[in-house]
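K.L.:
Before I ask anything, here is the structure I am working with.
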Amino acid sequence: MNPIRILLVEDHTLVRETIADFLGREPDLAVVGQAGDGEEGVRLAKKLKPDVVIIDVSMPKLNGIEATKKIKESRPRTTVLALSAYDYDQYIFALLDAGCAGYLLKDVSGQELVGAIRAVNRGDSVLHPSVARKVVQRCRTLRGKPQDRARATPRYCGNRAFNAARPVRWNDSLAEASRLHSEDMARYNYFSHNGRDGSDPAQRVERAGYRYRATGENIAAGQMKPEDAVAGWIKSPQHCANLMNPAYTEMGAAFSVNARSDMGVYWTQAFGSRR
């Protein structure tokens, strides 16, 4: 099996060379190039065609965010893994939006970095625990903000008129059904209300332990922010109708990321009212 070809983009020479030396000891990894700034990183990515680029955020000439965008534009099949000293929200979400498959902090061990490289190369996403908490928190903003703001405004969904509706409560079983469907779509690169096993939304929420009187599901793909997912649902008559349906009193939502999939990120939002 061919080794995973790695390009290191890091402006601190000692850090870069230390990482290269450590990774070089792994038989399934090969460091094929090193760059000391973002511009050089973009140039070498085009020339060397690496499988994985490990990139810092703060660098001279071109920062990691802009470099990632350019690398993904020229080499969409190359996976980018951010390795940074900073866990600032603006860096994390800008890099994930730019196309990074993972975000690690520089306090990880060498073996954790090796495991992350292997994971992103096979299409998984890897987040440092403190970064993962921030990403989960972003998803949880769906607990009572974008969709409830939408429900508070009377609107037409296609040809159907809806009055303002009350906020929905978060339900963990609906969130679990959403998580499983989002993960399945991301892992197996499809986008549908029908699961690969033939399940429909109602069957999935029942499987998760939710006994419903009424239920519905919204899905979205490609959006990195919950506000953007909700904005897209409002434009779709059936998804909009689910958002505005006064019969629904509870909801759960989740997303999953796979950098090697067509859309990158997949959202599911399950609505329901209990029996």
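K.L.:
Which whole-Hz ³J(HN,Hα) couplings does segment 67-77 yield from phi under the Karplus relation 6.51 cos²θ - 1.76 cosθ + 1.60, θ = phi - 60°, glycine and proline marked x?
P.N.:
Those phi angles translate into 5, 4, 4, 5, 5, 5, 5, 8, 9, x, 8 Hz.
K.L.:
Also, quick follow-up: Stretch HIS193-LYS47 to full length: gain in nm at 0.36 nm per residue minus the Cα-Cα span?
P.N.:
Contour length minus the Cα-Cα distance gives 48.5 nm.
K.L.:
Hey, another quick one. Past 19 Å, Cα to Cα: identify those pairs from LYS46/LYS72; LYS49/LYS106; LYS46/LYS106; LYS70/LYS225; LYS61/LYS225, in the order given.
P.N.:
Exceeds cut-off: LYS49/LYS106; LYS46/LYS106; LYS70/LYS225; LYS61/LYS225.
K.L.:
Could you work out how far apart the two model spin labels at ARG122 and ASP87 are, taking each label as a point 7 Å from the Cα in the direction of the beta carbon, and quote it in nm?
P.N.:
Here the modelled spin labels are 2.6 nm apart.
K.L.:
Sticking with this structure for a sec: With a probe of 1.4 Å, find how much accessible area the chain has per residue, and write the answer as a whole number in Å².
P.N.:
Using a 1.4 Å probe on heavy atoms only, each residue of the chain averages 48 Å².
K.L.:
Let me ask something else. I want the local charge near GLN203. Using Cβ-Cβ distances under 12 Å, sum +1 for each Lys or Arg and -1 for each Asp or Glu among the other residues.
P.N.:
-2
K.L.:
Output the relative contact order of the chain, whole-number percent, from Cα pairs under 8 angstrom with separation of 6+ residues.
P.N.:
Contact order relative to length: 16 percent.
K.L.:
Separate question: Rounded to the nearest 0.05, what FRET efficiency is calculated for ASP28 and LYS106 with R0 set to 22 Å and r the Cβ-Cβ distance?
P.N.:
Efficiency computed from Cβ-Cβ geometry: 0.45.
K.L.:
Please give the calculated 222 nm ellipticity per residue for the chain, where each DSSP H segment of at least 4 residues contributes -39500 (n - 2.57) and the sum is spread over every residue; nearest 500 deg cm²/dmol?
P.N.:
-12500 deg cm²/dmol
K.L.:
Using 7 Å Cα-to-Cβ label points, what is the ALA152/ALA164 separation (nm, one decimal)?
P.N.:
A separation of 0.8 nm, rounded to one decimal place.
K.L.:
Using a simple spin-label model with points 7 Å from Cα along the Cα→Cβ vector, what separation in nm is obtained for GLU73 and ASP228?
P.N.:
1.6 nm
The values are calculated or read from the model by the stated rules, or taken from the named source; none is laboratory data. It should be emphasised that the depicted structure is a prediction, and the values quoted were computed from it without experimental measurement. Cβ atoms come from the backbone with ideal geometry, glycine included; neighbour counts cover every protein chain shown. Areas reflect the complete protein model, heavy atoms only, side chains present, ligands, DNA and RNA absent. Shrake-Rupley method; radii C 1.70, N 1.55, O 1.52, S 1.80 Å.
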